[in-house]
1. Could you pull out the residue among PRO234, PRO202, PRO223 that is surrounded by fewer than 20 Cβ atoms within 10 Å (Cβ to Cβ) and within 16 Å of the ligand (Cβ to nearest atom)?
2. Using beta carbons and a limit of 7 Å, which pairs, at least six apart or on different chains, have the first residue in segment 167-195 and touching a residue at least 24 places away in the same chain (Cβ under 8 Å) and the second one crowded, with 24+ Cβ neighbours inside 10 Å and acidic (Asp, Glu)?
3. Pull out all pairs, ordered by first then second residue, where Cβ-Cβ is under 6 Å, the residues are six or more apart or on different chains, the first lies in segment 196-216 and is on the phi > 0 side of the Ramachandran plot, and the second is among the hydrophobic types (A, V, I, L, M, F, W, C) and within 16 Å of the ligand (Cβ to nearest atom).
4. Among the residues of segment 115-138, are any over 22 Å from ASP88 (Cα atoms) and part of a helix (DSSP H, G or I)?
5. Filter segment 103-112 down to residues that are touching a residue at least 40 places away in the same chain (Cβ under 8 Å) and buried (at least 21 other Cβ atoms within 10 Å of the Cβ) and give me whichever is farthest from the ligand (Cβ to nearest atom).
6. Any residue at all in segment 240-247 that's among the β-branched types (Val, Ile, Thr), at negative phi and exposed (fewer than 10 other Cβ atoms within 10 Å of the Cβ)?
7. Checking the condition more than 21 Å from PHE98 (Cβ to Cβ) and modelled with pLDDT of 95 or more, which residue from PRO223, PRO234, PRO202 passes?
8. Anything in segment 158-197 that is over 22 Å from ARG134 (Cα atoms) and out of contact with any strand residue (DSSP E or B) (no Cβ under 8 Å at 6 or more places or on another chain)? List them, or say none.
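The values are calculated or read from the model by the stated rules, or taken from the named source; none is laboratory data. Note that the structure is predicted; figures quoted are calculated from it, not measured. Neighbour counts are summed over all protein chains in view; Cβ atoms, including those assigned to glycine, are modelled from backbone coordinates with ideal geometry.
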Amino acid sequence: MTIRVTVWGENVHEQKNKAVAEVYPNAIHGTIAAALNADPAITATTVTLQDAEHGLTAEKIAQTDVLIWWGHAAHGQVDDKIVERVTDAVWGGMGVIFLHSAHFSKPFKRLMGAPCNLTWREAGERERLWVTSRQHPIAQGLPDHFELETEEMYGEPFGVPEPLETVFISWFQGGEVFRSGLTYRRGAGNIFYFRPGHETYPTYHDATVQKVLSNAVKWAHNPAPRILNPNDAPNTSIDIALEPLVERGPRLHHDGEEGLR
Ligand code: ZN
C-alpha cells in the first residue's frame, strides 16, 4: 500500500496575486501533490482552506498517513476545532510536514508550544541549504549542499523548541543563517518543518526540494495503527493494580471518576 498524503493548501495567494498564480498555475498544493505522486510509494491528494471543514473531515484525517501544511495569509481563519482534530491525529501517530510560512500556522504553534517567530526579508536572495545530518532519511540522495537562486530570507533566532534533529541549515546572501529542516516527535506523531517555499518563487518546482519532500513523507509516516484516544487519562483503582496495595491517607477523588481537566 502507498503512503497516503494530504496536501493542505491555504489557496489564498494563488487566487489573489497574479505573480503567485503565474509561478503556480496549479496552486502550491497542486504542485506539491503532483511532485509527490511521481513517487510510486506515495499517493497524494489536496484539500484547501475553502473546503468544508477546510477539507480535513474526520474521515479524511483517518485516511491520511502524512499531512502537509502550507499557509500564510489566513492562519487566523483556520477553525480551532480543525486545529484540535489535526493535533489529536498527530498525537495519535499521523505524520505532519509544515512548510515555510506555516511556522505561524495554528497547528504548528500548538504542537511546538512556542512563539515560532523569526526574522525575515523578501528580497529574492540566494539560499544555500547545508545538510547537517548526512545519514538522516530526509537527506537521502541529496548533495552536501544545494542552492535556491531566489528565496525569502528567514533568520535566527527561530523561536521553536530544540528539535530532535537538525537536518538542514540555510545561509542567505545577506548573511543570515536559519535552521531550515527540523524534526520533532509529539505524542506518536513525527513532525518535520522545512523552511523553503515563498509563494512568489518557483521553489516547489525544484527537483531537490521535491526530493526532500518525498523523503520527508517516508520519514514522517508511522505505519502503526493510529491511537484513537491520545488524550485519555484513565484512573486505575487499587483493585486492578498489578501488585497488592493497601490504600493509605486521605484522597480527593472517587473510584471510577473521570478526573479533572
Ligand atoms: Zn514567505
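1. PRO202
2. SER170/GLU127; PHE172/GLU127
3. Taking only residues 6 or more apart or on different chains, the pairs are GLY197/LEU99.
4. yes
5. So the residue we want is LEU111.
6. Yes.
7. PRO223
8. GLY159, GLY175, ARG186, GLY187, ALA188, listed by residue number.
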